[in-house]
Amino acid sequence: MNGTVKHIGIVAVSAEGAALCYRTICLEGAALQGPHDHPEISLHGFSLRSYQRLIDEDRWDAVGEMMLESAARLVRSGAQLLICPDNTVHQGLDLVRERSPAPWIHIAEEVSNEARQRGFKRIAILGTRFLMEGPVYQSKLAPACVGYRVPNTEQRTRINQIIYDELVYGRFLPASRTYFQNVIRELGDNGCDAVALACTEIPLLISEADSSLPILDSTRIHARAALREATSAEDAKSASIHRV
C-alpha cells in the first residue's frame, strides 16, 4: 500500500454495522484505487453487550472511554484516522473526542453535511431509541441548517426492538421492513423530505427501492467519508504529478 494512503481504524460496536462499513470501504476503495486495492484497515471491537450495559445505565462518559480504548489499540496498530460505524455511541464520543489519539470522522457530521449538500430541509431520523431521543443528530443538524423529525413514542419503541432483537443478529424480516416503510411514509406525510437511516444496520433492511423518501445511509456515507480522507493525500500527489 502506498504510504500516502492513510490507515483507517474501525471502532466496532455491532457486527453487522461494522461489517457493512468494512465491506463498503473495500469495494469502493477498489473502484477508486484499482482492482483489489483499498486503504489499510484495522478493526477492534468490544462486545455490544459491554457498550449496551453502559448505555442502559446512562453512563455516556464510560461509553466514550471504551471507544478511546479501542482507538488507542487501533493507533498502536498503525491507524491514522478513526471511524465508528455505530450512531448511538457517538453520544459518548462527543464527550471524549478531544482526547483521541487520532482524528475521528463523526458519523452524524457526515450525514448532516450530506443532507445539506443534497438540499434537504427536514429529515426523518430512524435509529435506536437512545439515538432518536438523544443529542447526537440534533447537535449536528442545527449547524447544517437542516430540520428533523423522529417517530412517535410507540414507533420509537418498536423500531428499537427490531434493531436489538433482529437487525444486530442479521435477521431481516419482511414484516419489519413493512413496518419501517409505513413509518417512513408517515414521516414524509408530516413534512420530511428524506430519511436518515441512523442505525448502521438499518441499510441492510431498507434500501432506496424500499423507501418512499430519499435515504441517507449513515453506514455508507461514513465509510465513503473515511475513504475520501484516507486517499486525499494520494489524490493530491496525483494531481501534482499531472500538473508537472
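May I ask you to say which residue of Glu28, Glu109, Glu57, Glu40 is charged (D, E, K, R) and out of contact with any helix residue (DSSP H, G or I) (no Cβ under 9 Å at 6 or more places or on another chain)?
Only one candidate qualifies: Glu57.
Looking at region 208-230, I want the residues that are under 17 Å from Ala12 (Cα atoms) and have a partner that is of a type in the set (D, E, K, R) and not in a helix (DSSP H, G or I) with Cβ atoms under 9 Å, at least 6 apart or on another chain. Which pairs are those?
Final answer for the pair search is Thr219/Glu201; Ala226/Lys6.
Identify all residues within region 37-64 that are open to solvent by 90 Å² or more (accessible area, probe 1.4 Å) and of a type outside the set (A, V, I, L, M, F, W, C); write none if there are none.
Matches in region 37-64: Glu40, Arg49, Arg53, Asp56, Glu57, Asp58, Arg59, Asp61.
Looking only at region 93-122, filter to residues that are more than 16 Å from the chain's Cα centre (by Cα) and closer than 26 Å to Tyr179 by Cα; which one of those is surrounded by the most Cβ atoms within 10 Å (Cβ to Cβ)?
Result: Phe120.
Residues are listed down the side, and each one gets a yes or a no for (1) open to solvent by less than 30 Å² (accessible area, probe 1.4 Å); (2) touching a residue at least 60 places away in the same chain (Cβ under 8 Å); (3) within 24 Å of Gly119 (Cβ to Cβ); (4) polar (S, T, N, Q):
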site	(1), (2), (3), (4)
Ala144	yes, no, yes, no
Arg158	no, no, no, no
Ile163	yes, no, no, no
Glu166	yes, no, no, no
Phe172	no, no, no, no
Ser176	yes, no, no, yes
Arg185	no, no, yes, no
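Evaluate region 25-35: report whether one residue or more is among the small types (Gly, Ala, Ser), crowded, with 16+ Cβ neighbours inside 10 Å, modelled with pLDDT under 95 and assigned to a helix (DSSP H, G or I).
Of the residues in region 25-35, the ones among the small types (Gly, Ala, Ser) are 29-31, 34.
Within this subset, residues satisfying the condition of being crowded, with 16+ Cβ neighbours inside 10 Å are 29.
Filter again for modelled with pLDDT under 95, leaving 29.
Okay, now just the ones that are also assigned to a helix (DSSP H, G or I), so 29.
Checking region 25-35: at least one residue is among the small types (Gly, Ala, Ser), crowded, with 16+ Cβ neighbours inside 10 Å, modelled with pLDDT under 95 and assigned to a helix (DSSP H, G or I).
What are the pairs with Cβ atoms under 9 angstrom where one residue, in region 11-34, is among the charged types (D, E, K, R) and the other, located anywhere, is open to solvent by less than 20 Å² (accessible area, probe 1.4 Å)? Sequence gap at least six, or different chains.
Final answer for the pair search is Glu16/Leu167; Glu16/Thr200; Glu16/Glu201; Arg23/Ala223; Glu28/Ala223; Glu28/Leu227.
Can you tell me which residue among Tyr148, Tyr137 is touching a strand residue (DSSP E or B) at 6+ places or on another chain (Cβ under 6 Å), surrounded by 13 or more Cβ atoms within 10 Å (Cβ to Cβ) and part of a helix (DSSP H, G or I)?
Being touching a strand residue (DSSP E or B) at 6+ places or on another chain (Cβ under 6 Å), surrounded by 13 or more Cβ atoms within 10 Å (Cβ to Cβ) and part of a helix (DSSP H, G or I) holds for just one of Tyr148, Tyr137, which is Tyr137.
Somewhere in region 70-85, is a residue open to solvent by 10 Å² or more (accessible area, probe 1.4 Å) and under 18 Å from the mean Cα position of the chain (by Cα)?
Checking region 70-85: not a single residue is open to solvent by 10 Å² or more (accessible area, probe 1.4 Å) and under 18 Å from the mean Cα position of the chain (by Cα).
Being touching a Lys or Arg at 6+ places or on another chain (Cβ under 6 Å) and aliphatic (A, V, I, L, M) narrows it down to one of Ala115, Ala108, Ala102, so name that one.
None of the other options fit; the residue is Ala108.
The values are calculated or read from the model by the stated rules, or taken from the named source; none is laboratory data. What you are looking at is a predicted structure, and each value in this text was computed from that prediction instead of being measured. Ideal geometry is used to build each Cβ from the backbone, glycine not excepted, and the neighbour counts take in all protein chains shown. Note: areas computed on protein heavy atoms with side chains; ligands, DNA, RNA excluded. Shrake-Rupley method; radii C 1.70, N 1.55, O 1.52, S 1.80 Å.
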